[in-house]
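Here's the structure, in structure tokens; my notes come after.
Nothing in this text is a laboratory measurement; each read-out follows from the coordinates by a stated rule. All of these numbers come straight from a predicted model, not from anything done at the bench. A quick note on method: Cβ atoms are made from the backbone with ideal geometry, for glycine too, and the neighbour counts reach across all protein chains shown.
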Amino acid sequence: MSSRSRSYLTEGTSGGVAGNGARAAALDASLERLPLERTLPTVVSSFGPGKLAVISAFGPGSLVVLHALHELGIRLPVLFVDTLHHFPETLQHVERVRDLYNLDLRIFRPYNSISEFEANHGPKLWERDLDGYQQISKVEPFRRATQNLDAWFTGRRREQSDTRAQLQVVEGTDQLKINPLANWTKSDVWRYILSNSIPYNPLHDQGYASIGDRPLTTPVAAGEPERAGRWRGVERTECGIHLG
């Protein structure tokens with residue numbers, strides 16, 4: 001990390017979210033057409049120390065955000081939910097990116113191990129209770145990860161799915177979700193990744209467009225929506241952590 005790096009890791013006070021609805025509207029209007037290199041510092045300057053982080057599953061979008069923050073010398077906590085059901089390639093990719101950018105990576109899990117998970121819920125919970133599986137493996141750890149934050153960056157985009165088509169750059173009323181790539185296309189993202197030699201999950205070269213848990217992710221065919229390989233055969237395109 002360069003000497004110009006600014007750290008935003010100091011714990012702040014627990015207050016501050018009450019006025020976030022008005023803050024969201026003002027921020028969204030000001031950020032919609034700003035380039036990424038201006039969006040990120042503008043958001044960072046709007047929140048107190050310890051109140052802003054990056055939520056990352058280390059997919060293409062969040063890689064763009066992480067690289068841009070690194071280039072700007074801004075160091076934020078990076079929160080990753082390890083569901084205990086990720087592909088091995090994903091976990092190796094997370095470690096590689098952590099080392100490359102010297103990330104302040106904070107990992108949140110539903111249990112300490114897969115054996116502990118299955119001792120409490122049995123094997124293949126997703127086959128018996130998909131909603132329960134998502135709640136236990138993703139939503140609850142995510143809530144723990146973000147409970148003291150006012151806002152967090154994501155790598156989500158409008159183009160990814162119908163459920164994200166109306167995505168705002170800033171959304172929320174209490175805790176805010178900042179989506180600096182909301183109006184980027186898939187081509188924009190991959191052009192940025194390749195032109196900056198950013199390491200990406202090797203599963204993308206095997207036909208996986210959007211990568212989640214191993215049992216619930218499949219490759220996509222040409223012409224399919226980007227997130228078609230997630231929860232295939234089920235009327236679902238979101239795991240739950242970005243809803244509400």
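Structure data summary
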read-out: Relative contact order, percent, the chain [alpha-carbon distance under 8 Å, six or more residues apart]; value: 24
read-out: Most mobile listed residue (Val169, Val189, Val65) in the chain, GNM with C-alpha springs under 10 Å; value: Val189
read-out: Low-density loop positions, GluC sites (Glu not before Pro), the stretch 12-111 - DSSP coil, at most 14 other Cβ in 10 Å; value: Glu32
read-out: Neighbour-limited loop hits for trypsin sites (Lys or Arg not before Pro), the stretch 18-57 (at most 12 other Cβ within 10 Å; DSSP other than H, G, I, E, B); value: Arg33
read-out: Hull shadow area, averaged, the stretch 6-216 [alpha-carbon convex hull, nm²]; value: 12.0
read-out: Share, in percent, of DSSP beta bridges within the chain that are antiparallel, nearest 5; value: 20
read-out: Percentage relative contact order, the stretch 151-208, counting C-alpha pairs under 8 Å, at least six apart; value: 32
